[in-house]
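The values are calculated or read from the model by the stated rules, or taken from the named source; none is laboratory data. Just so it is clear, the model here is predicted, and its values are computed rather than measured. Methodologically, a virtual Cβ is constructed for each residue, glycine included, from the backbone with ideal geometry; neighbour enumeration extends over all protein chains shown. Ligands, DNA and RNA are excluded from the accessible area calculation, which covers all protein heavy atoms including side chains. Shrake-Rupley method; radii C 1.70, N 1.55, O 1.52, S 1.80 Å.
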Amino acid sequence: MNFTAPLPRPGIMDIAAYVGGEAKLPGVARVMKLSANEGALGPSPKAVAAYQAMSNDIHRYPDGGHSHLRHALAERWGLEFERIVCGNGSDDILQMLTRAYAGPGDEVLYTEHGFAIYKIAAQSSGATPVEAKERDLTASVDTLLAAVTAKTRIVFLANPNNPTGTYLSSDEVRRLHAGLPKNVLLVLDAAYAEFVSRNDYDDGSALVREFDNVVMTRTFSKIFGLGGLRLGWGYFPPAIADVLNRIRGPFNVASPALAAGVAALQDREFMELARRHNDYWHDWFAQEINKLGLSAPARAVGNFLLVGFPGKVPTVDAFLRGKGIIVRNVASYGLPDHLRITIGAEDEMRLVAAALREFVGG
Ligand SMILES: Cc1ncc(COP(=O)(O)O)c(C=O)c1O
């Protein structure tokens, strides 16, 4: 007989659990939550209506094949239905990929300030997480390729990256892919792709179509404003889609999420509005930051801005909180001198800019 309590697999207790953006401040009635890169305009009213319309049917299991949503995604983005797999948030897809392709003794590579889930996914699978240095807060193809070993199984690239907002051009992503051994899976995490309208950027779907070791993931949590529903998807080579369909939960996406996702895709006007709102206020905020003598990465994209406050993060953070504004501390991303500020509604952007002006002035 063994009388010890159950123990998790080696390495599990080394995981630092993911901490989401805070949402509450004690004693503050109206909190401005600019800490989680959620949709500034909320969800599309059509998505909300579709969600509500499901309420009398929630005793039914969802369509485990997600076929309606996959058809809508295929049509909206010009992709092949068979290559699309949906998940309970794109986190679900990133975790499944890691579970399927990396285990003990394998290495999972990502960049120094890359999205937090990559390390957690690697550790959960018993694989070894490996970080490649960035240059100017931007992923570097050279350092990534230099870090590839015979043990590397997966390379994660958030493009654009959270929390830095920087991205690699299509040419650079191709150069990265070209330098990888064929047995290494390149995961292009394009959670913020809908916000990017730069000539030198693409979401990576063309590479997925061309090669059998590249995948692309996307989410409904950002421009579509459906973070609370947990809905993500990916575009895969057929063999990888087959692998994921074997390991995913049979009903890994809830029916209200599937319905809201289809409606959100159909509401093109809302997405356009959200994109224009972000273009305007992202630029406006970056200019305000510059006027205050603060710095943000050049050519940053996405619905957030990483702002440098060397040596002053705790005081700025406390000052903003005093005004009911919560932004994201990114020390856990190796960025102790920065705060990440989400692009919110117009009044929120004006208030956070005014608060920073007051801080810098005072
Ligand atoms: C780069 C990146 N990838 C993936 C995700 C996960 O998104 P979700 O699981 O909500 O689809 C996020 C969320 O913040 C992100 O920033």
Rough spin-label spacing in nm, given labels placed 7 Å along Cα→Cβ, for Asp57 and Arg30: 3.9
task: Measure of size requested: the Rg and Dmax of segment 243-312, with Cα atoms as the atom set and Å as the unit; please supply both.
output: 19.1, 53
query: What is the ratio of the Cα radius of gyration of segment 192-301 to 2.2 N^0.38 Å, where N is its residue count, to two decimals?
result: 1.32
- prompt: Based on the inverse mean of 1/r over its pairs of different Cα atoms, what is the Kirkwood hydrodynamic radius of segment 92-191, in Å?
  reply: 13.1
- line: Computed over segment 280-362, the distribution of all Cα-Cα distances in 5 Å bins, rounded to whole %, is 3, 14, 30, 30, 18, 5, 0
- prompt: Hey, could you pull the Cα Rg and Dmax for segment 222-362, both in Å?
  reply: 19.0, 59
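Placing +1 at every Lys and Arg Cβ and -1 at every Asp and Glu Cβ, with all other atoms neutral, what dipole size does the chain have around its Cα centre, in debye to the nearest 20? Provide the component values of the computation, followed by the final result.
Values: 37 positive and 39 negative charges, 115 e Å.
Roughly 560 debye for the chain.
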message: Straight-line reach from Lys33: which lysines fall under 19 Å, measuring Cα to Cα and dropping same-chain residues less than 8 apart?
response: Lys24, Lys222, Lys323
task: Please report, to one decimal in angstroms, the Kirkwood hydrodynamic radius of segment 169-239 built from all distinct Cα-Cα pairs.
output: 13.0
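For every helix of n ≥ 4 consecutive DSSP H residues, a contribution of -39,500 (n - 2.57) applies; sum these over the chain, divide by its total residues, and give [θ] at 222 nm rounded to the nearest 500 deg cm²/dmol.
Rounded to the nearest 500, it is -11500 deg cm²/dmol.
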- line: Phi angles of segment 192-207, converted by Karplus (6.51 cos²θ - 1.76 cosθ + 1.60, θ = phi - 60°) into ³J(HN,Hα) in whole Hz with x for Gly and Pro, give 10, 4, 5, 7, 9, 10, 10, 4, 8, 10, 9, 6, x, 5, 5, 5
- prompt: Each residue of segment 9-17 in turn: what ³J(HN,Hα) in whole Hz from Karplus with 6.51, -1.76, 1.60 and θ = phi - 60°, glycine and Pro shown as x?
  reply: 4, x, x, 4, 6, 7, 6, 8, 4
query: Which residue, Thr342, Thr315, Thr111, tops the fluctuation ranking in a GNM of the chain built on C-alpha contacts under 10 Å?
result: Thr315
task: Would you grab the residues whose amide H sits under 5 Å from the one on Ser295? Only those 5+ places off in sequence or on another chain, please, with H modelled 1.01 Å from N.
output: Gly308
field: Selection from Tyr333, Leu69, Leu306 lying farthest towards where the dipole of the chain points positive, charges on Cβ
entry: Tyr333
query: How large is the dipole of segment 1-150 about the Cα centre if only Lys and Arg carry +1 and Asp and Glu carry -1, each at its Cβ, rounded to the nearest 20 debye?
result: 500
task: Determine by what factor the alpha-carbon radius of gyration of segment 120-161 differs from 2.2 N^0.38 Å, reporting the quotient.
output: 1.21
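Of all DSSP beta bridges located in the chain, what percent are antiparallel, nearest 5?
Working: 17 of 37 bridges.
Within the chain, antiparallel bridges account for around 45 percent of the total.
May I ask you to derive the relative contact order of segment 178-310, considering only C-alpha pairs under 8 Å and at least 6 residues apart, and to give it as an integer percent? All intermediate terms of the calculation are to be shown ahead of the outcome.
Details: 143 pairs, mean separation 27.9, N = 133.
In percent, rounded to a whole number, it is 21.
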- request: Mind ranking Tyr333, Tyr101, Tyr280 by accessible surface for me, highest first, 1.4 Å probe?
  value: Tyr280, Tyr101, Tyr333
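Antiparallel as a % of all DSSP beta bridges within segment 15-166, to the nearest 5? Spell out each step's value before the answer.
Working: 1 of 9 bridges.
The antiparallel fraction comes to roughly 10 percent.
Taking the solvent-accessible surface of protein heavy atoms with a 1.4 Å probe, what is the per residue accessible area of the chain in Å²?
Working: 16410 Å² over 362 residues.
With the other protein chains kept in place, the chain gives 45 Å² per residue.
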- request: Could you quote the convex hull projected area for the chain, Cα atoms only and averaged over all directions, in nm²?
  value: 20.9
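Among the DSSP beta bridges whose two residues both lie in segment 106-211, what percent are antiparallel, rounded to the nearest 5?
Details: 1 of 14 bridges.
Of all bridge pairs located within segment 106-211, approximately 5 percent are antiparallel.
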message: Through the Karplus equation 6.51 cos²θ - 1.76 cosθ + 1.60, θ set to phi - 60°, convert the phi angles of segment 145-159 into ³J(HN,Hα) values in whole Hz; use x for Gly and Pro.
response: 5, 5, 8, 6, 10, 5, 8, 5, 10, 9, 10, 9, 10, 7, 9
Choice from Asn290, Asn245, Asn37 showing the highest fluctuation, given a GNM over the chain with Cα pairs closer than 10 Å: Asn290
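Where does the charge balance sit around Arg268 when Lys and Arg score +1, Asp and Glu -1, over other residues with C-beta under 14 Å from its C-beta?
Details: positive: Lys46, Arg76, Arg275, Arg276; negative: Glu75, Glu194, Asp267, Glu269, Glu272.
Result for the neighbourhood of Arg268: -1.
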- prompt: Just the C-alpha atoms of segment 10-119: what Rg/Rh do they give, with Rh taken as the Kirkwood radius?
  reply: 1.02
- request: Select from Glu112, Glu80, Glu194 the residue whose mean-square fluctuation is largest in a Gaussian network model of the chain (Cα-Cα springs shorter than 10 Å).
  value: Glu80
